[in-house]
Amino acid sequence: MRKTLSRRAALRAAGAGAMGVGAAAVLAACGESEPEPAPATPAAVAATAAPAMTEAPAPAMAESMPAKESVTIRYVSDHTSGPRGAAMQWGLREYAKSRPNINVRFEPQPADYRELFPLQMAAGTQGEVAMLDGGMLGAFVADGGFTQINDALDKRDDYDKNDYYFIPDLYTVNFDHSHAEGGSVPTVIDGDQFGLAFQAGTGGIVINLNMAEELGIEFPSAGWTYAEDFLDGARRATDIDSGQWGTWARNDYEFQWAPMCFGAGGLAYRNADETGLAVFDEGGDWGLKFDVGLIHDEKVSFPDAEAKKVAGEFGNAFASGKVWSWLGGRVYTSGYDVPRIKDRFRWSLGPMPHGPIGEERHSWNDQPNLITNGALRLGNVEESVDLTLFLGGPVYQGRVAIDRGHMPMYKAVFDDAAATQPPPEGMEWLQSYAEAPESRHLMMMLPNWWEMNEWRNAFVTAAFLGDVSVDEAIDNSENWVSSTLDSQRDQLNAARQEFGFPAL
């Protein structure tokens with residue numbers, strides 16, 4: 001494994017000159033491309049979401065890991081405020097109690113980390129452990145930017161890969177095209193591993209229970225449909241004159257309209273040959289047309305340009321109490337809205353609507369903690385693995401289930417009563433989402449995933465604004481993706497062959 005990464009490789013993989021690519025493209029991977037007002041203080045969030053844990057059992061130290069003199073590990077993350085900041089502050093304190101010889105230097109992740117981190121990697125100044133995304137792994141793993149940890153994990157007595165929900169190509173190298181080929185994605189961690197699951201997110205639905213009760217809209221049953229049941233409820237809830245809306249449709253591709261596309265027949269985000277999009281194939285275009293139509297045809301959603309007006313002082317439109325249902329990622333970040341909504345109304349997660357194929361479909365993602373080649377260079381791989389296992393393991397992920405800044409990926413966490421204690425109600429549906437079969441993933445193992453992924457900003461947004469038809473937006477998106485994939489095909493094939501996969 002290379003200990004350094006060339007500046008040329010870093011700049012090449014970062015995709016200098018890509019159309020409008022920036023930090024927002026990376027954050028979109030976990031559903032945070034829309035800026036949120038500052039949430040409540042971490043203490044308030046923890047106290048409101050569920051009873052706070054004050055002590056935790058010490059994480060197990062593998063017997064094969066000898067005690068060393070004091071070691072410092074730099075950890076880079078943007079979990080500095082809100083429910084995520086609360087969990088991080090708590091977790092690092094607990095880790096320090098049981099690891100007196102491992103000093104963790106927490107470094108806040110800058111807003112422009114997609115541009116900055118590659119340069120740090122090229123210069124050899126990056127942190128040893130960093131919360132990143134699969135796009136970063138795909139860009140730099142073949143050039144030696146990250147440290148493989150399979151052997152280190154095999155030495156651990158406290159690591160069982162069956163304990164974690166698994167999404168390929170985020171901290172493992174799989175070049176997974178299972179869904180695009182009509183198959184099923186592996187559900188157990190597999191492949192060359194460079195980190196571990198940490199900050200997960202999935203799409204689902206939240207419902208304003210008070211509004212539903214006032215209007216006589218029954219809580220949905222499993223198997224309800226977008227085109228009939230959901231749309232009927234949205235129509236009944238909408239009262240434009242009073243500023244009340246059935247739903248909130250917006251260009252949240254990963255957690256709102258892409259699941260609609262998959263529920264209509266789309267197999268995967270891209271095809272197995274890596275030559276173009278597949279999300280709109282096999283009838284998948286129905287999903288985008290349905291979602292855009294909620295604004296312009298059905299008029300059960302306000303245009304997203306009016307979201308701040310509808311939100312008022314409450315941070316977002318749903319928290320304002322003026323929206324019956326919201327399809328999106330709030331299901332895994334409910335800790336942000338608990339202090340906003342307080343006791344003004346009751347709200348709940350619920351069953352995911354079905355599309356035309358009659359099956360539940362989700363899109364999910366994870367921003368893992370990756371171990372960079374800095375750990376190899378500095379000789380603290382085992383300590384870096386230890387920190388990563390703690391952050392992905394039962395103690396820390398259990399705290400995540402309390403503060404609810406993101407979805408836990410350690411399965412057993414959902415068995416604790418704290419994980420389902422309201423508010424909001426219906427938290428048991430989050431586990432149901434995580435265990436739903438055939439959830440789609442972003443297929444991020446590309447040399448420059450971010451440039452390719454600009455299609456949903458550059459072209460689909462215009463359809464939501466009503467500036468172009470959905471068909472035109474799809475055509476423009478498909479042309480963009482095909483072009484950008486073609487431009488990086490040689491790099492992709494070189495990376496595939498580096499890890500023993502055949503060239504496409």
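The table that follows gives values for the structure above.
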| item | result |
| --- | --- |
| Single condition residue 309 does not satisfy, out of (1) farther than 30 Å from residue 185 by Cα; (2) surrounded by fewer than 24 Cβ atoms within 10 Å (Cβ to Cβ); (3) touching a residue at least 40 places away in the same chain (Cβ under 8 Å) | (3) |
| Per-region count, the range 450-472, residues farther than 29 Å from residue 118 by Cα, of a type in the set (Asp, Glu) and out of contact with any Asp or Glu (no Cβ under 9 Å at 6 or more places or on another chain) | 2 |
| Lone qualifier among 127, 145, 195 - being touching a Lys or Arg at 6+ places or on another chain (Cβ under 6 Å) and more than 20 Å from residue 274 (Cα to Cα) | 127 |
| Condition check for residue 461: open to solvent by 10 Å² or more (accessible area, probe 1.4 Å), of a type in the set (Val, Ile, Thr) and out of contact with any strand residue (DSSP E or B) (no Cβ under 7 Å at 6 or more places or on another chain) | yes |
| Pick from the range 339-357, criterion within 21 Å of the chain's Cα centre (by Cα) and in a loop (DSSP other than H, G, I, E, B), ranking: surrounded by the most Cβ atoms within 10 Å (Cβ to Cβ) | 352 |
| Residue in the range 154-168 that is touching a Phe, Trp or Tyr at 6+ places or on another chain (Cβ under 9 Å) and either at pLDDT below 95 or assigned to a helix (DSSP H, G or I) (or both) present | yes |
| The range 103-123 residues that are closer than 11 Å to residue 76 by Cβ, paired with ones that are modelled with pLDDT under 85 and not in a helix (DSSP H, G or I) (beta carbon under 9 Å, 6 or more apart) | 116/110; 117/110 |
| Qualifying residue in the range 306-319 (condition: assigned to a helix (DSSP H, G or I) and either among the aromatic types (Phe, Trp, Tyr) or in contact with a Leu (Cβ under 8 Å, 6 or more places away or on another chain) (or both)) | no |
| Top-ranked residue in the range 237-249 [being in contact (Cβ under 8 Å) with a residue 60 or more places away in the chain and surrounded by fewer than 24 Cβ atoms within 10 Å (Cβ to Cβ); ranked as farthest from residue 216 (Cα to Cα)] | 243 |
| Qualifying positions in the range 121-153 - among the polar types (S, T, N, Q), open to solvent by 10 Å² or more (accessible area, probe 1.4 Å) and assigned to a loop (DSSP other than H, G, I, E, B) | 125, 148 |
| Residue within the range 156-172 that is of a type in the set (Phe, Trp, Tyr), over 17 Å from the mean Cα position of the chain (by Cα) and open to solvent by less than 10 Å² (accessible area, probe 1.4 Å) present | no |
| Pairs with Cβ under 9 Å, 6+ apart, first in the range 194-222 and open to solvent by less than 10 Å² (accessible area, probe 1.4 Å), second assigned to a strand (DSSP E or B) and of a type in the set (Asp, Glu) | 197/366; 198/366; 199/366; 200/366; 201/366 |
| Filter pass, residue 278 being touching a residue at least 60 places away in the same chain (Cβ under 8 Å), buried (at least 18 other Cβ atoms within 10 Å of the Cβ) and in contact with a Gly (Cβ under 7 Å, 6 or more places away or on another chain) | yes |
| Options 360, 382: the member that is assigned to a loop (DSSP other than H, G, I, E, B), in contact with a Pro (Cβ under 9 Å, 6 or more places away or on another chain) and surrounded by fewer than 24 Cβ atoms within 10 Å (Cβ to Cβ) | 360 |
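The values are calculated or read from the model by the stated rules, or taken from the named source; none is laboratory data. As the structure is a computational prediction, the values presented were derived from the model and not from experiment. All Cβ positions, glycine included, derive from the backbone under ideal geometry; neighbour counts span all protein chains shown. Surface areas here come from the heavy atoms of the whole protein model, side chains and all, with no ligands, DNA or RNA. Shrake-Rupley method; radii C 1.70, N 1.55, O 1.52, S 1.80 Å.
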